[in-house]
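Only the coordinates and a few stated rules stand behind these numbers; no lab work does. Predicted model only: the values in this text are computed from it and were never measured. Methodologically, a virtual Cβ is constructed for each residue, glycine included, from the backbone with ideal geometry; neighbour enumeration extends over all protein chains shown.
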Amino acid sequence: MRLVLAIAALAAFLLAMLGPAQPPAAQPALSAPPAPTAVLPAGASTQAPVAAAAPPRRDARSTTQAPPDISQLLAVESSVRSARQRGAGENETYQLRASRLTAAQLESLLAMELAESNWTRRVAELRAHCGGSESCGARLRAEDQPRWRSYADAALRH
Amino acid sequence: MKTLTSIALAALLAASPAHAANNDPVVLVHGFLGFGTDTFAATGFKYWGGFNDIAAHMRGSGRPVYSAAVGPVSSNWDRAVELYYQIKGGCADYGARHAALHAAAGHIQKPSGKCWAADPANNPNNYPLALYPQWDAQHPLHLVSHSQGGQTIRTLVQLLENGSPNGAGSEGDGALFSGGKTGWIKSATTISTPHNGTTLRDVVVDFVPMVSELAGGIVQLAGLGGSSGDGYKFRLEQYGLAQGPAESIRDYVARTRGAPFWQLSNHDAAQWDLGPDGAAQLNSWVKASPNVYYFSIGSRATEQGSWCCNNTDRVIAPFQNSAYQYPRNDMIFFLKNAAGEWVVPSVLQRGMGSYRAADWYANDGVVNTNSMRAPAGQAQQPFSGTPVKGSWNYLGYYDHFDHFDVIGWDAPPSMVYPIYDKLLNILSEL
């Protein structure tokens, strides 16, 4: 615990030394090139952050295109995490989200969480059978193999 | 049978440090905000290892290993000077021209408080002892660095061999600026170094040193007491910003925060060298030496965006874009906020995972993975087992490792020590 606190303080220090404390610049009109392929499930809000893409090599502040509801979304999800950590059930977390998010956002979150849950279960099964090596992914369907890499053991890559 | 016995014996000998091609010492050089072994000695927390001990582990091979402590927020020029004198002994001379160039910010060429004794039997001022006073071409070193330490050791090699970049004599008579010290460095290894800068410097804006509370907090949380002053040191004597022996970090920062050193306009500071523009400026004169083996190692703790199932933190980034990178669940928590598409949650601006250009997006929470490979424009190739001198031998990047995992801060020994075992095996054969 002491290590975590010490590291947290050091990181906060690092961020303070390198940065922030000023409010973001005013939001410029969206003039970015077409957004890269989004991977939001169908029905998700077009105001979700996936809709924004920044032109490269510009000032990070001046290219801020975050939709206004991103902070709301992050705040809600942070609340949901806290609620779950203290043992809240699905009804409570549903209410937390439903009271502050759009129906499309809510639907997308539920779909994402269901998929994550199913996938996590498959990962656990795979690990139980053959460990955490990347080669274990060969047992998966082709479309799932890239996903497995992010769950496989750490590795030196080129 | 005889053949098999010979092969087994050869393999055994090859694995034995006693039969390594060299047993030259290693000097470990820390990065931005790093610290020496004395800083948190009471708690046992080390820059190189956290509660692991990388230096001790490396010494297990029978090779001397030293941990240097240079300015944690200083420029690479200043850090290289300090590194030289700390290894060799003597009092730091930052150079006449360099000091004059930054005189407006208060730079001093030969400050007190930056001396190391080469001879313990002749140390009337009780200076700290130099790490390896016999250092020369007949007694070369391997330098191993993390983060900004990689820029620092490159700068040191450049100055050792070529002296002042602005012509002989321009920096005065300091030993480091005369050049000609070829062969003093056998190899230079960089781990997670921002050779071409880090976009973290751009996505978290302004150099606001709220160091009083935060640095004091580090010391306090490390168990040494935040008000004792016996902890974190900024080592800025060259700017006339010496920390009093009884001065707490909080008081120190409060006293010095208005000093020109802390301003963004001061380019003789880490905050400049770490950004892409500052790194490019450094790279314009710090070149790879044909006499040195260079190795680089990277790290990455982000994943490509996906609508689900990519082991990233979904609270920070519930909806993701496949064009961008997002922090993994196992990235140390305080680095996550700036590593992904946005800097969250307090400041709505682009994060490292979506800023600048696509090849810059992958990162370890502090440095862009593509910046860790080699300085732009310098010769490089993947390490094939046969190192090439004067060129960057890229060993690859450790995937699922954040910026502090590679130095063992929050990682088990089984995760961190193999990095250094692999490296030692390579260095031993040079």
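A dipole drawn for chain B from +1 and -1 charges on Cβ atoms has a positive end, and of B:ILE426, B:THR37, B:TYR326 the residue lying farthest that way is B:ILE426. A prolate overall shape is assigned to region B:313-403, the ratio a/c of its alpha-carbon gyration tensor axes (a ≥ b ≥ c) being 1.5 or greater and a/b exceeding b/c.
The charge dipole of region A:81-158, taken about the Cα centre with unit charges on the Cβ atoms of Lys, Arg (+1) and Asp, Glu (-1), comes to about 180 debye, rounded to the nearest 20. Ordering B:PRO413, B:GLN380, B:HIS400 by the projection of their Cα atoms onto the charge dipole of region B:368-430, which places +1 on the Cβ of Lys and Arg and -1 on the Cβ of Asp and Glu, puts B:GLN380 at the extreme positive end. A crude spin-label estimate for the pair B:ASP173 and B:ASN123, with each label 7 Å from Cα along the Cβ direction, gives 2.6 nm. Working from Cα pairs under 8 Å separated by at least six residues, relative contact order for region B:264-410 is 28 percent. Size of region B:370-430: Rg and Dmax of its alpha carbons, in Å, are 13.0, 36. Rg over Rh for region B:107-165 works out to 1.01, both radii taken from alpha-carbon positions and Rh defined as the Kirkwood radius. Just so you know, the Cα atoms of region B:239-281 work out to an Rg and Dmax of 12.9, 39 Å. For chain B, averaging the sequence separation of C-alpha pairs within contact (under 8 Å, six or more residues apart) and dividing by the residue count gives a relative contact order of 17 percent.
For region B:41-95, relative contact order (Cα pairs under 8 Å, six or more residues apart, normalised by length) works out to 19 percent. Placing unit charges on the Cβ atoms only, positive for Lys and Arg and negative for Asp and Glu, gives region B:304-369 a dipole magnitude near 120 debye about its Cα centre. If you take the alpha carbon atoms of chain B and fit the smallest convex hull around them, that volume is 158 Å³ per residue. Note on chain B: with charges restricted to the Cβ of Lys and Arg (+1) and Asp and Glu (-1), its dipole about the Cα centre is near 480 debye. So which chymotrypsin sites (Phe, Trp or Tyr not before Pro) in region B:260-299 pass both tests, a DSSP loop state and at most 16 other Cβ atoms within 10 Å of the Cβ? Sparse-neighbourhood loop chymotrypsin sites (Phe, Trp or Tyr not before Pro): B:TRP285.
Only helical runs count toward this figure. For chain B, summing -39,500 (n - 2.57) over DSSP H runs of n ≥ 4 and dividing by all residues gives -7000 deg cm²/dmol at 222 nm.
Taking other C-beta atoms within 10 angstrom as a stand-in for reagent exposure, A:THR120, B:THR199, B:THR190 fall in the order A:THR120, B:THR199, B:THR190, fewest first. Per the Debye calculation on region B:77-190 with a single equal scatterer at every Cα and no solvent contribution, log₁₀ I(q)/I(0) for q = 0.13 Å⁻¹ amounts to -0.49.
Once the C-beta distance of B:ALA56 and B:THR386 is scaled by a Förster radius of 41 Å, the resulting FRET efficiency is 0.85 to the nearest 0.05.
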